[in-house]
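Here the structure comes first, spelled out in structure tokens, and everything after it is commentary.
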Amino acid sequence: MVVNVVAWLCIHLGVSSFVSLAPEAFVKAFAGLYRVKRWETRAKIYERLGVKKWKDRIPEARRWFRKGKTAAHLRNPSQWDLFEKQTNRSELSHWLQMFAAPFFFLFNPPWAGWIMVAYAISFNLPFIIVQRYNRVRMMRVKERVFSR
């Protein structure tokens with residue numbers, strides 16, 4: 001039990017640190033992952049999930065690393081590129097953390113390994129959803145500004 005907690009702590013902090021310091025080229029290598037999908041804008045899936053109501057209740061690593069900007073900076077066009085890069089890094093970090101879950105099958109019984117997989121998904125998915133929600137919001141702001 002303690003081993004799992006320590007391992008997850010190391011994975012969360014280690015992957016977050018790595019991605020925050022990784023060269024831009026590394027983050028761009030996963031560009032397909034960040035592209036806004038048609039169903040994300042047309043179906044208004046994030047509004048249906050109520051993301052706006054709960055997104056501020058989850059912790060932000062940005063505060064711990066003292067890096068990045070909040071979504072409030074979307075009003076300032078000079079911050080758009082920085083914010084987009086930040087959402088990309090954050091989303092990548094959470095995908096990579098999730099993909100570490102199979103590691104737990106090495107030192108746990110199968111049932112516990114599956115619990116670790118469930119934990120990885122349930123912990124990281126809300127963060128991924130928030131990053132994608134913010135990216136769609138940013139896209140809508142850009143469209144409004146550039147359509148004028």
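Some points to look at:
- Note on the chain: semi-axes of the ellipsoid equivalent to its C-alpha gyration tensor, largest first and rounded to whole Å, are 30, 17, 14.
- Whole-Hz ³J(HN,Hα) from phi, Karplus 6.51 cos²θ - 1.76 cosθ + 1.60, for the range 41-46, glycine and proline x: 8, 7, 7, 6, 4, 5
- Whole-percent carbon and sulfur share, accessible surface of the range 98-148, 1.4 Å: 74
- Net charge dipole size for the chain [Lys, Arg +1 and Asp, Glu -1 on Cβ; Debye, nearest 20]: 880
The values are calculated or read from the model by the stated rules, or taken from the named source; none is laboratory data. Just so it is clear, the model here is predicted, and its values are computed rather than measured. Glycine also receives a Cβ, built like all others from the backbone with ideal geometry; neighbour counts cover every protein chain displayed. Heavy atoms of the whole protein, side chains included, go into the accessibility calculation; ligands, DNA and RNA do not. Shrake-Rupley method; radii C 1.70, N 1.55, O 1.52, S 1.80 Å.
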